[in-house]
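Colleague: Sending over a structure as structure tokens; questions will come in a sec.
Just so it is clear, none of the values below were taken in a lab; they were calculated from the coordinates. Predicted, not measured: the structure shown is a model, and the values here were computed from it. With ideal geometry, Cβ positions are generated from the backbone for all residues, glycine too; neighbour counts draw on all protein chains shown.
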Amino acid sequence: MEKNLTKGILFVALGATSYGMLATVVKLAYKEGFTTAEVTISQFAFGIIILLFLNLLAKKDTNTKATTKDIRNLMIAGTSMGFTSVLYYLCVKYINASIAVVMLMQSVWIGVLIEILQTKKAPSITKIIAVLLVLFGTALATNILNTTIELDPRGLTFGFLAAISFSMTLFTTNSVAKHLKATKRSLYMLFGGGIIVLIF
């Protein structure tokens, strides 16, 4: 149990680091003249190629084949991933990369709220503390007490919408086709997200 917890914390830390770096990379891409659509499409294209490669290398498990229903549900769930990318990159376009990451992390308390609405149970003390820490960190990062600070409302709006979408991604990832391997689930979700990105 303790080993799984340690691995989970490590994966979360790596994921958070990746999102932090992503905002900086997107900022640099904008400076080079790339558009939000180009950045988003390239991200999904590379992601799909890498996951296709990983799935080809993985051992085939005949006991856990993806059904048509699994694929459909995963692709629908993946649409929130597409919305998250588009909204997050639009957010980065208007505000500082570090603030954009903080806005995305509002998904912590939004996710807790979604869980409360679904289970109709009060959150645990650990979750309440996590939410308070996120809100406190947001206040510090955005310097909300300093009335002279100027934050583009478009960036804040896109950032908050990205957080809502990201919360839905986390929620569906934890509940859809859990019997399948992570690489296979991620691939189908990327296909769903890719459709949203292409429409954008």
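Colleague: So how do 71-80, 128-137 stack up, highest first, on mean other-Cβ count within 10 Å? Intermediate results must be reported in sequence, preceding the final value.
Modeller: On the way: 71-80: 20.0, 128-137: 13.5.
Descending mean neighbour count gives 71-80, 128-137.
Colleague: What does the highest-first list of 172-181, 116-125, 25-34 look like by mean Cβ count within 10 Å?
Modeller: 172-181, 25-34, 116-125
Colleague: Continuing with the same structure: Gap in Å between the Cα centre of the stretch 38-106 and the Cα centre of the stretch 164-200?
Modeller: Distance between centres, Cα-based: 6 Å.
Colleague: Here are some pairs, 69/184; 69/121; 121/181; 65/121; which of them have Cα atoms lying more than 23 Å apart in this structure? Write down the numbers at each step before the final one.
Modeller: Details: 69/184 14 Å; 69/121 30 Å; 121/181 30 Å; 65/121 34 Å.
Beyond 23 Å: 69/121; 121/181; 65/121.
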